Each structure stands twice: as structure tokens, then as C-alpha cells.
Amino acid sequence: MTGALSCRSCGHATLQPVLDLGLQPLANNLLLPEHLGQAEPRFPLRLLVCPRCWLVQIGELVPPVKLFSEYLYFSSFSDAMLRHARIACERYRVEQGLGAHSRVVEIASNDGYLLRNFVQAGIPCLGIEPAANVAQAAVAQGVPTRVEFFGEKSATTLVEEGLAADLILGNNVFAHAPFINDFVSGLKRLLKPDGQVILEFPYALDFLENREFDTIYHEHVFYFSLIPLLPLLDRHGLEIFHVERLPIHGGSLRLFAGHRGVRPVKPSVADRLQDETSRGLASARPYEQFAHRVQELKEEVVAELRRLKREGKRLAAYGASAKGSTLLNYFGIGAEELDYVVDRSTYKQGRLTPGTHLPILPTEQLLVRKPDYTLLLTWNFADEILAQQSAYRSAGGKFLIPVPELRTV
């Protein structure tokens, strides 16, 4: 593990602390029952902000090979993610005139949930995915995939092989790339002269305003606003020419970039920058307020769960997710409050949650076991999950949604 002695983007030597989540297990390190007696590594998890470029980042890094060589998050288990990807791909195909002559490259392509839309449309594409087990699932769906980490070196190799991209996509990967200057340099290298880069990532403004502290985990190195991204991309000869806000994942930003000077910059960039500035994102105030508001939420959620437990209520949780791991471990919620966690992913079922060691069961068990309350750890997919669990709710089951504020539905 290495610490952040300076800003990973601009190199400023001093970073200001925002929130200390203590020692945390790796959020996606779901244990097998036979490994329960073995030592489970924990690592410091601190949120910091650079007072020069205002990039929010974690302090200590866990080597990426420990995080991504085998991965248990498969995007295809989310109907919302599949729908989001399908709509985006159709839009890009039409707007950019993509066809058999084009090439689309997706970084961190997961199980091919997105690129398969281009495969079906006859558009040449390539996925770059560091987790071999997930890449195998993509290849099985007919999505060409390379198992490697993306950066300037891999981009150079692709270009030398004649695989430069008309469109580079990165959904929820940019914030996971610790060597961010190398990553952006790779984007510049891989992109054709008139090509586009489209990146999606959780938006720091929503993160701060909605108390989304549980999206802090060792894989998620950065929490982006536009303020630090403009100079970062500019240093590498790329220019952000359009941005859009999205509701997915509790609030995300979709960023459009290309080689500097190729496209006119749309008003959305200046508008977003002005909004961030007016909300103080280039000052210490919102980060200090965030830490205080997270502590208030912790006290409220823990008190409510313990009250329900004292009343004899049966409690479970939904979603063996990375954000769920952060919330449970930071709040100190475990087997004393919750009996088990359910999850839709068959890859997670039969395992145990990191740190708290709660058994992970199929989602059908909610209707079988009928807990009185279920803590919804994957609150970012609340609408989808509540609809899927209509039978459990009709039978009297209730969901506790913890973020951005505790509510019962």
C-alpha cells in the first residue's frame, strides 16, 4: 500500500483531510465460508482534497492487481445498467455515424454488457478489462476483450496494431484509475484525430450534497467535479467540449472530450463550471460540512437499527455491494443487527460480506424468510429493486433506505 504524498493529478504537495473511514477491508473481497478463519487484511481509507486543483481523492492506494485481477461485480445483473447502456450506445451510433468502418474501445468493459450493443449493430469494438474472470464472460457473449490495465503503454500498442479508436468509452472506470495522468495520456494516444472520448463517473457535487460517503472504497480513488478535470485533460492535449448530468448511481457526470481545438466547446461546460464555483467546490467549506453530515447520518441509522432490534424485529440487508461494505464497516453494523444479506448476483451468493461476515443469499429469500425490515445497501438502484421486490413488500416487508437520508418504504 502506498500513501498519497501529493495530489495525483497536479502534484501539489499537501492534501487536506476530509473524512477518515478507519481501517476497511477490500470492499469486493467477498469471502468463501472456508476462508472465514483466515486473516482478513484491512487498509486505511481516508478521503482527502487537493487545495490547489480541488481534486477529491483517497489517501492510501491498494495495488490494482489486488483489486481487479478477480472481480465479482458483473454489470449484466442490473436491469438499469443494461437499459442505460443500450440507450447510450444507440445515441452514440446515430450521432457519430458509427458503422462497419468505425472502431469503439471501452475501458473496463466488464462482462460486455455495453459493447454487445455495438457487436449486434455490426460496429467493430474492443473491450479492455483487467479482471480475467469478467473478461471471459464478455468473450462468451462475442465481445472481443483484452485482459490488461489501460494506460499510455497499452494505448501505444493498440495504435501500433491499427486499433486507434473513433470512440473511447469509460463508464465508471476513470475514478478507479490511480495513475490518472498516465490514463489520460493513454486516451490522447488511442484517440483518432476526430474521435471522441465519453466518460461517465459519479459526480462529486451529488456525492457531497447527498452524503454518498459509502461510495468511498479502495477501488474508487477519485471523486470528480469539473473544476479539476479541465486542467487535467488540457495538460494532455484533450479538451472537454460538453458535459451532461445523469441520475444513475446517485448522480453522475457524462463528459465528452476530444483533441484540443477540434470541436467547439458547448455552453454546458461553462454553465457546469459556474455552478460548481457558486456552490463552493473550490473552497474547503463543502468538504468540512460533508464530514459533519456523514457523522449525523451514522448516528441516525445505527440508532434506528438498534431500536428495531430491541423491539424484536427481524432485519436483513439487500446488496452485497462495495458501497454496502463501506457503510456496514464504518457504521459498525454486523451480525448483531442484521441476519444476512441478499444479492441478485449468483457470483456473490454463498459468500460472506467483507469485514462483517454476513452470509449472502439469493434475493428470493426475502419472500421466504420475510424479514420485517431490509436495509437497502444498493440505494442507487432503489426504484429497480423496490419494483422487483413487490411481492415481499406486499407481504408486509419494508425497506430502509439509508442515503441520502434514512427513510422507510
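The values are calculated or read from the model by the stated rules, or taken from the named source; none is laboratory data. Values in this document were obtained by computation on a predicted structure and should not be read as measured data. Because the Cβ atoms are built from the backbone with ideal geometry, glycine has one as well, and the counts that use them run over all protein chains shown. Side chains included, ligands, DNA and RNA excluded: accessible areas come from the protein's heavy atoms. Shrake-Rupley method; radii C 1.70, N 1.55, O 1.52, S 1.80 Å.
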Residue count, segment 216-265 (criterion: charged (D, E, K, R), open to solvent by 20 Å² or more (accessible area, probe 1.4 Å) and in a loop (DSSP other than H, G, I, E, B)): 2
Give all pairs with beta carbons closer than 6 Å in which a residue from segment 383-409 that is in contact (Cβ under 8 Å) with a residue 12 or more places away in the chain and farther than 30 Å from GLN295 by Cβ meets a residue that is among the aliphatic types (A, V, I, L, M) and buried (at least 19 other Cβ atoms within 10 Å of the Cβ); count only pairs at least 6 apart in sequence or on separate chains. TYR392/LEU366
If ASN110 satisfies every condition in (1) open to solvent by 30 Å² or more (accessible area, probe 1.4 Å); (2) in contact (Cβ under 8 Å) with a residue 24 or more places away in the chain but one, which is the exception? (1)
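Is there a residue in segment 298-315 that is among the acidic types (Asp, Glu), touching a residue at least 40 places away in the same chain (Cβ under 8 Å), within 18 Å of GLU212 (Cα to Cα) and part of a helix (DSSP H, G or I)? Spell out how you get there, then give the answer.
So in segment 298-315, the residues among the acidic types (Asp, Glu) come out as 299-300, 304, 311.
Narrowing further to those that are touching a residue at least 40 places away in the same chain (Cβ under 8 Å): 300, 304.
Now drop any that are not within 18 Å of GLU212 (Cα to Cα), which leaves 300.
Those left that are additionally part of a helix (DSSP H, G or I): 300.
The answer is yes; a qualifying residue exists.
Restricting attention to segment 6-62, report how many residues are not small (Gly, Ala, Ser) and not in a strand (DSSP E or B). Before you say what the answer is, go through the steps one by one.
Kept after step one, since they are not small (Gly, Ala, Ser), are these residues of segment 6-62: 7-8, 10, 12, 14-21, 23-26, 28-36, 38, 40-58, 60-62.
Remaining after also requiring not in a strand (DSSP E or B): 7-8, 10, 12, 14-15, 26, 28-30, 32-36, 38, 40-41, 50-55, 62.
Here the count works out to 25.
Is at least one residue of segment 139-162 in a loop (DSSP other than H, G, I, E, B), over 19 Å from LEU82 (Cβ atoms), aromatic (Phe, Trp, Tyr) and at pLDDT below 95?
First, the residues of segment 139-162 that are in a loop (DSSP other than H, G, I, E, B): 141-144, 147-151, 161-162.
Okay, now just the ones that are also over 19 Å from LEU82 (Cβ atoms), so 144, 147-151, 161-162.
Cutting the leftovers down to aromatic (Phe, Trp, Tyr) gives us 149-150.
If we keep only those that are at pLDDT below 95 too, we end up with 149.
Within segment 139-162, one or more residues are in a loop (DSSP other than H, G, I, E, B), over 19 Å from LEU82 (Cβ atoms), aromatic (Phe, Trp, Tyr) and at pLDDT below 95.
How many residues does segment 175-215 hold that are touching a Lys or Arg at 6+ places or on another chain (Cβ under 6 Å) and open to solvent by 20 Å² or more (accessible area, probe 1.4 Å)? Walk me through how you get there before you give the answer.
To start, the set of residues in segment 175-215 that are touching a Lys or Arg at 6+ places or on another chain (Cβ under 6 Å) comprises 180, 200, 211, 214-215.
Now narrow it down to the ones that are open to solvent by 20 Å² or more (accessible area, probe 1.4 Å): 211.
Total satisfying the criteria: 1.
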Qualifying residues in segment 355-409 (those that are under 22 Å from ILE248 (Cβ atoms) and of a type in the set (Phe, Trp, Tyr)) - the one surrounded by the most Cβ atoms within 10 Å (Cβ to Cβ): TRP379
If TYR287 satisfies every condition in (1) within 28 Å of ASP79 (Cα to Cα); (2) at pLDDT 95 or above but one, which is the exception? (1)
Counting only residues that are open to solvent by 30 Å² or more (accessible area, probe 1.4 Å), touching a helix residue (DSSP H, G or I) at 6+ places or on another chain (Cβ under 8 Å) and in a helix (DSSP H, G or I), how many does segment 117-138 have? 1
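If you go through segment 39-50, how many residues are open to solvent by 80 Å² or more (accessible area, probe 1.4 Å) and of a type in the set (A, V, I, L, M)? Before you say what the answer is, go through the steps one by one.
Initial filter on segment 39-50 (open to solvent by 80 Å² or more (accessible area, probe 1.4 Å)): 39, 42, 46.
Retained after the next criterion (residues that are of a type in the set (A, V, I, L, M)): 39.
Here the count works out to 1.
Have a look at LEU30, LEU36 and point out the one that is at negative phi, among the aliphatic types (A, V, I, L, M) and either open to solvent by less than 70 Å² (accessible area, probe 1.4 Å) or touching a helix residue (DSSP H, G or I) at 6+ places or on another chain (Cβ under 7 Å) (or both).
Working: LEU36 fails: either open to solvent by less than 70 Å² (accessible area, probe 1.4 Å) or touching a helix residue (DSSP H, G or I) at 6+ places or on another chain (Cβ under 7 Å) (or both).
Only one candidate qualifies: LEU30.
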Which one of the conditions (1) at pLDDT 95 or above; (2) at positive phi does LEU199 fail to meet, given that it meets all the rest? (2)
Residue identified as basic (Lys, Arg), open to solvent by 10 Å² or more (accessible area, probe 1.4 Å) and out of contact with any Pro (no Cβ under 8 Å at 6 or more places or on another chain) among ARG103, ARG86: ARG86
Conditions first: (1) open to solvent by 20 Å² or more (accessible area, probe 1.4 Å); (2) among the polar types (S, T, N, Q); (3) at pLDDT 95 or above. THR326 passes all but one, so which condition is the exception? (1)
Return yes or no: is PRO178 in contact with a strand residue (DSSP E or B) (Cβ under 6 Å, 6 or more places away or on another chain) and in a loop (DSSP other than H, G, I, E, B)? yes
Answer yes or no: is there a residue in segment 337-344 that is open to solvent by less than 20 Å² (accessible area, probe 1.4 Å), assigned to a loop (DSSP other than H, G, I, E, B) and modelled with pLDDT under 95. no
Where residues in segment 144-159 are within 22 Å of the chain's Cα centre (by Cα) and open to solvent by less than 60 Å² (accessible area, probe 1.4 Å), which of them is farthest from ILE123 (Cα to Cα)? GLY151
Assess whether ASN172 counts as being open to solvent by 30 Å² or more (accessible area, probe 1.4 Å), among the polar types (S, T, N, Q), at pLDDT below 95 and within 24 Å of VAL56 (Cα to Cα). yes
